[in-house]
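**Student:** Pasting in a structure now, in structure tokens, and then I'll have a few things to ask.
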Amino acid sequence: LPNPVRDKLIINRSGPLLNLHIRLYDINGKLLKELTSSLSSIEVDMAKYSAGTYIIWIEDTRKKINGKKVIVKM
């Protein structure tokens with residue numbers, strides 16, 4: 001099931017704090033936002049995006065894929 005989100009998407013993680021490369025795509029595959037962070041809690045501002053389905057792609061700087069999630073902006 002998709003993860004619901006309103007204005008802020010918060011990504012919490014544990015383990016070694018390697019840089020994470022985060023990309024946000026719309027449902028058609030268009031890249032909307034890209035950021036890199038080494039923080040344990042990363043905030044993605046979703047307020048400016050319309051309600052709908054989005055995909056968040058997360059990988060570490062070694063290009064090891066850590067996750068792909070479907071999110072729904074309410």
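**Student:** Give me the accessible area per residue for the chain, probe 1.4 Å, as a whole number in Å².
**Tutor:** Value returned for the chain: 67 Å² of accessible area per residue.
**Student:** Let me ask you something else. For the chain, please report how many Lys pairs fall under 14 Å Cα to Cα, leaving out neighbours fewer than 8 apart on the same chain.
**Tutor:** Within the chain, the lysine pair count is 5.
The values are calculated or read from the model by the stated rules, or taken from the named source; none is laboratory data. Values in this document were obtained by computation on a predicted structure and should not be read as measured data. Areas reflect the complete protein model, heavy atoms only, side chains present, ligands, DNA and RNA absent. Shrake-Rupley method; radii C 1.70, N 1.55, O 1.52, S 1.80 Å.
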